[in-house]
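One structure is given here, and the rest of the page talks about it.
The values are calculated or read from the model by the stated rules, or taken from the named source; none is laboratory data. Not measured: the values here are computed from a predicted model. In this analysis, Cβ positions are derived from the backbone assuming ideal geometry, glycine residues included, and neighbour counts consider all displayed protein chains.
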Amino acid sequence: MGFLNQRRRFSDLSEQEVLALAISSEEDDARIYRMYAERMRTDYPDSAKVFEGMAEEEDEHRRRLIEMHRKRFGEVIPLIRREHVAGYYARRPVWLIENLGLERMRDEAQAMESEAERFYLLAAKHTTDADTRKLLGDLAAAEAGHEKRAEQLTDEHLTEEVRESEDKQAHRQFVLTWVQPGLAGLMDGSVSTLAPIFAAAFATGDTWNTFLVGLAASVGAGISMGFTEAASDDGELSGRGSPLKRGIASGVMTTLGGLGHALPYLIPHFWTATVIAFIVVFFELWSIAWIQKKYMQTPFFRAAMQVVLGGALVLAAGVLIGMG
């Protein structure tokens with residue numbers, strides 16, 4: 001809270017401080033674009049060229065701003081950054097964006113330029129000093145120019161064929177890193193926990209103890225699947241991506257797959273809980289078949305037969321063991 005109280009309002013900044021803020025902002029944006037380019041260089045070289053070009057544009061505007069500062073205020077530029085000013089537009093951490101894929105980074109770059117332009121236009125309306133108003137208007141025009149230049153760079157480097165190829169590569173990487181391990185986890189969690197949960201349910205008739213068995217089975221399977229996926233392949237040779245991401249996808253989906261039909265046993269009435277659990281299992285198995293068809297190009301009826309038949313056999317085994 002103390003830090004927030006120390007942030008200055010934009011209206012309280014001097015013209016020199018506004019110029020210094022613009023310089024540091026251009027420097028930050030250039031650094032972000034270069035990090036995007038580095039992140040994409042191996043898999044998406046043409047998109048990397050776009051971001052390199054945008055970084056160069058930011059460098060040029062920063063150079064012009066420094067020249068303006070030197071002319072008006074001298075060599076010493078005040079240290080003031082976005083986080084020092086209340087209400088100033090923020091940039092999302094790079095690691096949050098780069099992990100979301102190619103299209104998300106493209107959208108973020110466009111939003112960065114749009115946010116900067118909008119901020120400077122609004123700020124110009126709220127200042128009464130003519131020179132400051134002109135300065136803010138010039139900055140807004142510069143940011144608008146950045147956005148147009150970004151579109152030109154995109155047209156120059158990203159032809160329709162290149163964009164289609166990169167989008168296919170991004171989709172493939174998404175499937176390998178997130179969908180495939182997540183689907184394997186969902187299948188394991190949904191199917192492998194059927195037998196212990198329903199065996200416990202029909203053996204004890206106790207909904208709370210059944211829920212505890214389901215919770216333990218789901219969490220244990222999730223931890224096991226997550227560590228197994230992360231340790232099985234570092235992703236370097238296979239191209240399947242970060243083992244941490246794959247481990248998280250597999251572990252989380254395994255746990256959710258088991259919890260889906262364990263949670264109904266929080267209901268104290270045995271048969272009500274059991275009927276709901278059967279319904280949940282039905283939807284879980286058909287959802288798995290749908291995901292296989294959508295992302296893995298598996299024919300729907302073949303996927304349905306494999307998943308539903310296998311799930312039904314495991315469910316029947318659990319019920320029979322519990323009743324025996």
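The table that follows gives values for the structure above.
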| quantity | calculated |
| --- | --- |
| Restricting region 243-269 to residues that are surrounded by fewer than 24 Cβ atoms within 10 Å (Cβ to Cβ) and touching a Ser or Thr at 6+ places or on another chain (Cβ under 6 Å), the residue that is modelled with the lowest pLDDT | K245 |
| Condition met for K168 (at pLDDT below 70 and among the basic types (K, R)) | yes |
| Among the candidates L237, L183, L194, residue that is of a type in the set (A, V, I, L, M, F, W, C), modelled with pLDDT under 85, crowded, with 18+ Cβ neighbours inside 10 Å and out of contact with any strand residue (DSSP E or B) (no Cβ under 6 Å at 6 or more places or on another chain) | L183 |
| E27 vs. criteria in a helix (DSSP H, G or I) and either free of Cβ contacts under 8 Å to residues at least 12 places away in the same chain or outside the structural domain of Y88 (by TED's automatic domain parsing) (or both) | no |
| Selection count, region 60-77, where residues are surrounded by fewer than 16 Cβ atoms within 10 Å (Cβ to Cβ) and part of a helix (DSSP H, G or I) | 8 |
| Selection within region 65-93 - free of Cβ contacts under 8 Å to residues at least 40 places away in the same chain and in contact with a helix residue (DSSP H, G or I) (Cβ under 8 Å, 6 or more places away or on another chain) | Y89, A90, R92 |
| Given (1) more than 18 Å from R31 (Cβ to Cβ); (2) at pLDDT below 80; (3) in a helix (DSSP H, G or I), number of the condition L100 does not satisfy | (3) |
| Scan of region 53-80 for residues that are modelled with pLDDT of 85 or more and of a type in the set (A, V, I, L, M, F, W, C), ordered by number | A55, I66, F73, V76, I77, L79, I80 |
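Residue-by-condition table, conditions (1) in contact (Cβ under 8 Å) with a residue 12 or more places away in the chain; (2) small (G, A, S):
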site: T274; (1), (2): yes, no
site: A277; (1), (2): yes, yes
site: V280; (1), (2): yes, no
site: A289; (1), (2): yes, yes
site: M296; (1), (2): yes, no
site: F301; (1), (2): no, no
site: L309; (1), (2): no, no
site: L313; (1), (2): no, no
